[in-house]
1. Could you sort out which of LYS58/LYS96; LYS79/LYS104; LYS58/LYS109 sit more than 32 Å apart by Cα distance in this structure?
2. Would you mind putting 135-143, 155-163 in packing order, based on average other-beta-carbon counts within 10 Å, highest first?
3. With θ taken as phi - 60° and the coefficients 6.51, -1.76 and 1.60, list the Karplus ³J(HN,Hα) couplings across the range 175-183 in order, rounded to whole Hz; mark glycine and proline as x.
4. What FRET efficiency comes out for the pair ARG106/GLU55, r = Cβ-Cβ distance, R0 = 22 Å, nearest 0.05?
5. Please report SER190, SER73 as a ranked list, fewest other C-beta atoms within 10 angstrom at the top and most at the bottom.
6. Would you grab the residues whose amide H sits under 5 Å from the one on LEU91? Only those 5+ places off in sequence or on another chain, please, with H modelled 1.01 Å from N.
7. For VAL192 and ASP77, calculate 0.36 nm times their separation in residues minus their Cα-Cα distance, and state this gained length in nm to one decimal.
8. Can you work out the Karplus-derived ³J(HN,Hα) for every residue in the range 127-133? Use 6.51 cos²θ - 1.76 cosθ + 1.60 with θ = phi - 60°, whole Hz, and x for glycine or proline.
Amino acid sequence: MLRTTMTIASLLVLMLVCGSLAGQVRQPKEQERALPTITVDAEDEVAARNVARREAVKHITALMESQRPQLVSFKVDEKYVEENRVLNNPLEGRVKAKIVLDGKERVFKEWELTFRTDADWWAEIVRRDHAAQREARHLRAQERETLTARVMLGLAILLLAGFGYVRLDEYTQRRHTAWLRVAGVGVAASVVAVWLWMFQA
């Protein structure tokens, strides 16, 4: 009785630990998504934001690939960064350099942009990645089902042709065996040709 109780208790503890670890793997922690401040040299805020969006895509993609399991099914782009307001408004630019071009002075400033922490854009990325994974699995399942159906159909036709050959050969008392073999080869070749065409379609 004591051994049974200890075994059940050990299994329960093991299930709790495994469930806890699985939860940690599936849901990235808050501290795991700490992203750096993006520093950009540009003439104005619009240009700074344009460059920062490209840099943000690189940082987010690297973060997605560092997760376990990796988040690689959904691809983040500049449009996503802009629409979901992933970046805070830049701090007032500090003058970095002054360049005279064509007799006109151009001032380049250093802008700093940080990732928003008050928006749930990371959870949205995880949700979209999981949705993309489900869609990919669904497509793979459909492809496997289609392949299986085509293989079964081809085998059924070949078996039917073989059965027909044997029955006709017996019915004609083997007087036309050579012609039946030629016809059987023709049917088999036609089935294989249609089969290959179906696979390519």
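1. LYS79/LYS104
2. Ranked by mean Cβ neighbours within 10 Å, highest first: 155-163, 135-143.
3. 7, 10, 4, 4, 5, 5, 5, 4, 5
4. 0.50
5. On the way: SER190 12, SER73 16.
With the sparsest Cβ surroundings first, the list reads SER190, SER73.
6. Here GLU112 satisfy the definition.
7. Working it through step by step, the gained length comes to 36.9 nm.
8. Ordered by residue, 3J(HN,Hα) equals 4, 5, 5, 5, 5, 5, 5 Hz.
A short reminder: the numbers here are calculations on the coordinates, not readings from a lab. Just so we're clear, the structure is a prediction, and the values are computed from it rather than from any experiment. All Cβ positions, even for glycine, are placed from backbone atoms using ideal geometry, and neighbour counts span all protein chains on display.
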